[in-house]
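What follows is calculated from the coordinates using simple rules that are stated; it is not laboratory data. Computed from a prediction, not measured in an experiment: that's the story for all the values here. Glycine also receives a Cβ, built like all others from the backbone with ideal geometry; neighbour counts cover every protein chain displayed.
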Amino acid sequence: MILVAVVVVAAAGFAVFRLHGVFGSHNVTATPSGSANDIVPFNPKRVVMEVFGPPGTTATITYTDVNAQPQRADAVSLPWSYDTTTTQPAVFVNVSAQGDSESLGCRIKIDDVVKDERSVNTLNAFTYCLDKSG
């Protein structure tokens, strides 16, 4: 009986050894230990939104900040600007303004590159600028 048990255990061991070889469990693949901690360098972006008009002009300004949160500023003397830096890979910003003069303009710059600029000349001027590629 002991001899039969030894033969069964040996046959089972040989079968398991062969199955490991067939299914390739001996080929160990692993990720290098330092690759999870690699930091990809990223340059921060400088975002500037501006609203401008003749001296003495006041305006109501609505804009989205770099976190896409809506903001509002009432009765702001022009020129007005929002200047910030972000490390987000992309930003969606817009600005709109309605003033009490006949001339009004806006501009969005990202890293000192003008992305959008508009000017209007009309009574109680309204203008907007939008950038969704920044």
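Computed values, structure above
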{"quantity": "Subset of segment 73-113 (residues that are over 12 Å from Ile61 (Cα atoms) and in a strand (DSSP E or B))", "calculated": "Asp83, Thr84, Thr85, Thr86, Val93, Ser103, Arg107, Ile108, Lys109, Ile110, Val113"}
{"quantity": "Candidate set: segment 97-113, residues that are in contact with a strand residue (DSSP E or B) (Cβ under 6 Å, 6 or more places away or on another chain) and under 10 Å from Val47 (Cα atoms); chosen: the one surrounded by the fewest Cβ atoms within 10 Å (Cβ to Cβ)", "calculated": "Asp111"}
{"quantity": "Selection count, segment 41-61, where residues are more than 31 Å from the chain's Cα centre (by Cα) and either in a strand (DSSP E or B) or loosely packed, with under 15 Cβ neighbours inside 10 Å (or both)", "calculated": "4"}
